[in-house]
């Protein structure tokens, strides 16, 4: 087939249809030519990339077609295709904006290892995105990104968190980001515990989790909070009250709570 014929959208579309009906070596050869055609339109490229059965070599050929990769939509579709090789999808993802990375990480068809790599790219960029973008990511991004954004609490005022409701407009932008991340439906208990027990966990984060309607009643979360250095005495007394004495002693042995709070917890337990 000549380049002239390949540039005809109707003929290219017909070959795509034929290839879908006849998955033979001839069809593969035709699809490789289509993927390499510099005159391939965005619409036809996107139509072809909707096919989940494309062979990796066809997807690699797309990645070599500089003309079609001028399209942002095509690059996103190619990076998120379930059969695109990782050495193609991850370098493409590094070219994306923050919200495109978020969508790719959440795409159902994207391979799990690619999603992890995309999350890593986005997390590495968080310091460079605006507060408005961080707030949107905190609400909508993956659990791993939300967990990373919990560290915005390092810049939050823990005293304000203790006394103000979560949507109070007096909260700092960093506090709103942290609180939005806590409400992210993709944030898991394991990810939250990892953030709370991390070296960068702030007093503001600990106080916010300790007051959170969803997270604070959970036994594993309470145990994690009791191991931090920032939990208040009132919360520590509340959270430790239902823990058996032996388990509480073992937990406090590895806790970073101030000695005075630990001693008070032991005294209260002895009274029971």
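The values are calculated or read from the model by the stated rules, or taken from the named source; none is laboratory data. Since we're looking at a predicted model, the values are computed, not measured. Every residue, glycine among them, receives a Cβ derived from its backbone with ideal geometry; neighbour counts consider all protein chains shown.
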Seminar exercise, completed: residue 143 passes all but one of the listed conditions (1) under 26 Å from residue 229 (Cα atoms); (2) crowded, with 19+ Cβ neighbours inside 10 Å; (3) at pLDDT 95 or above; the exception is number (2)
Exercise. Residue 63 is checked against (1) under 30 Å from the mean Cα position of the chain (by Cα); (2) exposed (fewer than 15 other Cβ atoms within 10 Å of the Cβ) and fails just one. What number does that condition carry?
Worked result: (2)
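Regarding residue 118, is this residue at pLDDT 95 or above, assigned to a helix (DSSP H, G or I) and touching a helix residue (DSSP H, G or I) at 6+ places or on another chain (Cβ under 8 Å)?
Yes: the conditions hold for residue 118.
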Seminar exercise, completed: Of (1) modelled with pLDDT under 95; (2) exposed (fewer than 15 other Cβ atoms within 10 Å of the Cβ), residue 214 fails just (1)
For this session: Please work out which one of (1) modelled with pLDDT of 95 or more; (2) assigned to a helix (DSSP H, G or I); (3) over 18 Å from residue 267 (Cβ atoms) is the condition residue 204 fails and give its number.
Result: (1)
For this session: Output yes when any residue across region 156-163 is at pLDDT 95 or above, more than 15 Å from residue 133 (Cα to Cα) and either crowded, with 20+ Cβ neighbours inside 10 Å or more than 18 Å from the chain's Cα centre (by Cα) (or both), and no when none is.
Result: no
Problem set entry | Meets criteria (surrounded by 16 or more Cβ atoms within 10 Å (Cβ to Cβ), part of a helix (DSSP H, G or I) and either at pLDDT 95 or above or within 34 Å of the chain's Cα centre (by Cα) (or both)) for residue 54 | no
